[in-house]
């Protein structure tokens, strides 16, 4: 049996693949979505050519489907909690199916569970994102400074070695002439 994915799911999968974090390859994204690597590549190519298969059945017909659907970030805490409880008694296949219907991915549910367990809220995430950005900037500046200091240290070590060699040569020449 061949799995049929909704147009909405395909578009979201392409969006996730194209906006993946640095260091994450396309195969990992495909695996996390539960689709084949070549299938995801085909969807990306079709989206670039604007030839993703037409929407059929009871799906919404819209060129801007992604903007009309509710994004995971737009869910309220109550809605997230209800979705977690709804999925708690379902098997993985049913959870994936329900998530596709709702326009989210199963990994969103896992993240929401962790957020509730850790007491994270939306405001904490926004604050954490700005902190992460600041820390990344600081790390970059510190790496740059460390690299500069390493080069200066290497230069100083080279000068000391050359001074010792010059000193050894000049001292040996003076000893030979006397």
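Where in region 36-108 are there helices (runs of 4 or more DSSP H), lying wholly inside it, with at least 3 residues that are modelled with pLDDT of 80 or more, within 17 Å of residue 9 (Cβ to Cβ) and touching a helix residue (DSSP H, G or I) at 6+ places or on another chain (Cβ under 9 Å)? Steps first, answer last, please.
Values: elements: 37-49, 65-68, 77-88, 92-102.
Fully inside region 36-108 and qualifying: 37-49, 92-102.
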(Q) Could you list, ordered by first residue, the pairs with Cβ atoms under 8 Å in which the first is in region 20-33 and in contact (Cβ under 8 Å) with a residue 24 or more places away in the chain and on the phi < 0 side of the Ramachandran plot and the second is assigned to a loop (DSSP other than H, G, I, E, B) and surrounded by 11 or more Cβ atoms within 10 Å (Cβ to Cβ), at least 6 apart or interchain? (A) 32/105; 33/105
Q. Taking the stated definitions as given, is residue 14 in contact (Cβ under 8 Å) with a residue 24 or more places away in the chain, part of a loop (DSSP other than H, G, I, E, B) and surrounded by 14 or more Cβ atoms within 10 Å (Cβ to Cβ)?
A. no
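The values are calculated or read from the model by the stated rules, or taken from the named source; none is laboratory data. Bear in mind the structure is a predicted one, so any value in this text is a computation, not a measurement. Virtual Cβ from ideal backbone geometry, glycine too; neighbours counted across all protein chains shown.
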